[in-house]
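Visitor: I have a structure I would like to understand better, so I am pasting it below and will then ask my questions one at a time.
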Amino acid sequence: MKYTFLFGSNAFIVDQPVITYLQDGESVELLRVKSIHSPLSKSSEQSLLTVDTNFTDTLGHNIVLADSDYDHPDYKVQRTDNQIHVTNGTGHTVIDVLQLDTKTASHLSSHIINELHNVGETHVLRIRGDFKFGDHNITIDNEKLFIDDDVYAESVHVGHNGGIQLSKDGVRV
């Protein structure tokens, strides 16, 4: 099974549901998808989208979601079956992870749709947010991915045998 992470107008299609950050030569996990939402069917139980995180919001609060423990005093977590939306004390979105259904994913930009047809079955997750890792600011809006002052848009990358790695030098799959 493949995972497609949408960061603005960028798509990163990978084998592993993990996003890491390369800091001083060390790969540190920022986000891991623990389970994907799947509706209730006759043969299985319904599952919810679940993620683990480890990063800092722009106010300096460590954002740690682990093992479905999403109750913390410094930030608020709103959760539905297919979405986890974290806001800080001022109501600013820190991270929003939304699993798209097939119908919604079919309305993505043609450069993404074409690649999705080539890779076959994939879980599509849209990531938005504004957070920090170390001294680096990562901002993802509906169109672009910003790592500090560098901007990424309108790209599709397919990786094999791994997840996504962010660094001050860009994105690798």
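Visitor: Are any of the residues in the range 139-147 in contact with a helix residue (DSSP H, G or I) (Cβ under 7 Å, 6 or more places away or on another chain), farther than 22 Å from residue 24 by Cβ and in contact (Cβ under 8 Å) with a residue 60 or more places away in the chain?
Guide: So in the range 139-147, the residues in contact with a helix residue (DSSP H, G or I) (Cβ under 7 Å, 6 or more places away or on another chain) come out as none.
No, that holds for no residue.
Visitor: Assess whether residue 124 counts as being buried (at least 17 other Cβ atoms within 10 Å of the Cβ), touching a Ser or Thr at 6+ places or on another chain (Cβ under 6 Å), under 20 Å from residue 165 (Cα atoms) and of a type in the set (A, V, I, L, M, F, W, C).
Guide: Answer is yes for this residue.
Visitor: Okay, moving on. Looking at the range 159-173, which of its residues are in a strand (DSSP E or B) and surrounded by 15 or more Cβ atoms within 10 Å (Cβ to Cβ)? First the steps, then the outcome.
Guide: Step one: list which residues in the range 159-173 are in a strand (DSSP E or B), which gives 164-167, 170-172.
Within the range 159-173, 164, 165, 166, 167, 171, 172 qualify.
Visitor: Please work out which residue is most open to solvent (accessible area, probe 1.4 Å), limiting yourself to the range 38-55 and to residues that are modelled with pLDDT under 85 and over 20 Å from residue 99 (Cα atoms).
Guide: Applying the first criterion (modelled with pLDDT under 85) to the range 38-55 yields 39-47.
Filter again for over 20 Å from residue 99 (Cα atoms), leaving 42-43.
Details: 42: 214, 43: 113 Å².
Filtering first and then ranking leaves 42.
Visitor: Examine the range 135-148 for a residue that is of a type in the set (S, T, N, Q) and either at pLDDT below 90 or assigned to a helix (DSSP H, G or I) (or both), and state whether such a residue exists.
Guide: Filtering the range 135-148 down to residues of a type in the set (S, T, N, Q) leaves 137, 139, 142.
Pick out the ones that are also either at pLDDT below 90 or assigned to a helix (DSSP H, G or I) (or both) and you get none.
No, there is no match, as no residue in the range 135-148 is of a type in the set (S, T, N, Q) and either at pLDDT below 90 or assigned to a helix (DSSP H, G or I) (or both).
Visitor: Under the condition of being open to solvent by 50 Å² or more (accessible area, probe 1.4 Å) and of a type in the set (Gly, Ala, Ser), which residue from the range 56-77 is farthest from residue 139 (Cα to Cα)?
Guide: Of everything passing the filter in the range 56-77, 68 is farthest from residue 139 (Cα to Cα).
Visitor: Sticking with this one: Every residue in the range 132-158 that is surrounded by fewer than 17 Cβ atoms within 10 Å (Cβ to Cβ), within 17 Å of residue 14 (Cβ to Cβ) and in contact with an Asp or Glu (Cβ under 7 Å, 6 or more places away or on another chain), please.
Guide: Answer for the range 132-158, where residues must be surrounded by fewer than 17 Cβ atoms within 10 Å (Cβ to Cβ), within 17 Å of residue 14 (Cβ to Cβ) and in contact with an Asp or Glu (Cβ under 7 Å, 6 or more places away or on another chain): just 158.
Visitor: Of the conditions (1) part of a helix (DSSP H, G or I); (2) open to solvent by 70 Å² or more (accessible area, probe 1.4 Å); (3) under 28 Å from residue 167 (Cα atoms), residue 113 clears all except one; give me its number.
Guide: (2)
Visitor: Cβ contacts < 7 Å: first residue modelled with pLDDT of 95 or more, restricted to the range 112-129; second residue in a helix (DSSP H, G or I) and of a type in the set (A, V, I, L, M, F, W, C), any location; separation 6+ or different chain. Result?
Guide: Going by the 7 Å Cβ cut-off, the qualifying pairs are 124/105.
Visitor: Of everything in the range 78-104 that's assigned to a loop (DSSP other than H, G, I, E, B) and in contact (Cβ under 8 Å) with a residue 24 or more places away in the chain, which residue is surrounded by the most Cβ atoms within 10 Å (Cβ to Cβ)? Before the answer, list the steps.
Guide: Here is the first cut: in the range 78-104, the ones assigned to a loop (DSSP other than H, G, I, E, B) are 81-82, 89-92, 101.
Subsequent filtering for residues that are in contact (Cβ under 8 Å) with a residue 24 or more places away in the chain retains 81-82, 89-90, 92.
Working: 81: 13, 82: 18, 89: 12, 90: 8, 92: 14.
Among them, the one singled out is 82.
The values are calculated or read from the model by the stated rules, or taken from the named source; none is laboratory data. Computed from a prediction, not measured in an experiment: that's the story for all the values here. Note that each Cβ is placed from the backbone with ideal geometry, even for glycine, and that neighbours are counted across all protein chains shown. Note: accessible area is taken over every heavy atom of the protein model, side chains too, but ligands, DNA and RNA are not part of it. Shrake-Rupley method; radii C 1.70, N 1.55, O 1.52, S 1.80 Å.
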